[in-house]
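Trainee: Below: one structure in structure tokens.
Where a number appears in this text, it was derived from the coordinates with a stated rule and is not lab data. Quantities reported herein were computed from a predicted structural model and do not represent experimental measurements. Note that we place each Cβ from the backbone using ideal geometry, even for glycine, and neighbour counts take in every protein chain shown.
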Amino acid sequence: TLTDVPSYSGIVFYQSDALYAYLSDGSSTVQKCRVTPDGQLENHHCADSGAVPIFLNCPMYITFQTFNQVNYAYIANGDFHIGASVIQCRVENNGDFTHCQDSGAGAHLNGAADVDFALIAGKTYAYITQPGGSIAKCDVDQHDGLFSHCASANIDVNKPIGMTFKTIANQLYAYIVDGGFGDSTAHTVLQCAVDLSGLLDCVDLGVRDVFSNTFGIAMF
């Protein structure tokens, strides 16, 4: 059923003192909406998350991660925009975002739509989908969760949007949705085997005749 909450570009759920849905509006804010006991979203239960609009330049997808017993939200911030970034915010006990700052991914990203994390051989990496046509791989400091040494993952993509990781039969894979924003030639889902250095070896799963304008992906 439809809710009375306006349309947003991304949604993610997170449990703190209550279950909240975080909605990125594709312009400059991230809303925090308390989920009702029957699973509904109601506009009067929504408020600004505290992500500080001055940092946000078309926020897309949000990922939660814990480092050194501190919970963080990472906001892919910039979409196709020049100067895209990934913003790191602390998540307080009431679910609000505070202490937002640039994650260290750099100011020269070719868009930023999604950010996901992978633990490989004891080291944590962040991967950022850049709708301008690439995937960035960054080292992550286990102490403060900030990024460094970001570089292209050197795979062939068109307009990557959503991304997620899944281990199957002891092999870690990245699944990348490539082809949102109306690109009629790129409705691809890639399956990428991840090696011990964090590099990706990708194959096309052959779904381009089924999907169009693909954006997000989740696996369970």
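Trainee: Please report the relative contact order for the range 1-78, taking Cα pairs under 8 Å with a sequence separation of at least 6, and give it as a percent rounded to a whole number.
Mentor: 26 percent
Trainee: Let me ask something else about it. In the Gaussian network model of the chain, springs joining C-alpha atoms below 10 Å, which of 88, 15, 69 carries the largest mean-square fluctuation?
Mentor: 69
Trainee: In the chain, which cysteines lack any other cysteine Cβ under 4.7 Å from their own?
Mentor: Singleton cysteines: 58.
Trainee: Would you kindly give the portion of the calculated P(r) for the range 101-157 that falls above 19 Å, as a percent of all Cα pairs?
Mentor: 22 percent
Trainee: Given 20 °C and 1.002 mPa s, how large is the Stokes-Einstein diffusion coefficient of the range 24-107 in µm²/s, with Rh as the Kirkwood radius over Cα pairs?
Mentor: So the translational diffusion coefficient is about 161 µm²/s.
Trainee: With contacts defined as alpha carbon pairs under 8 Å and 6 or more residues apart, what's the relative contact order of the range 46-192 in percent?
Mentor: 16 percent
Trainee: Oh, and also: Run the reach check for residue 166 against lysines, Cα to Cα strictly under 18 Å, same-chain hits fewer than 8 apart removed. What comes back?
Mentor: Leaving aside lysines fewer than 8 places away in the same chain, those within reach of residue 166 are 123, 137.
Trainee: Go ahead and set up a Gaussian network model of the chain, Cα springs under 10 Å, then flag whichever of 132, 78, 39 fluctuates most.
Mentor: Highest fluctuation of the listed residues: 39.
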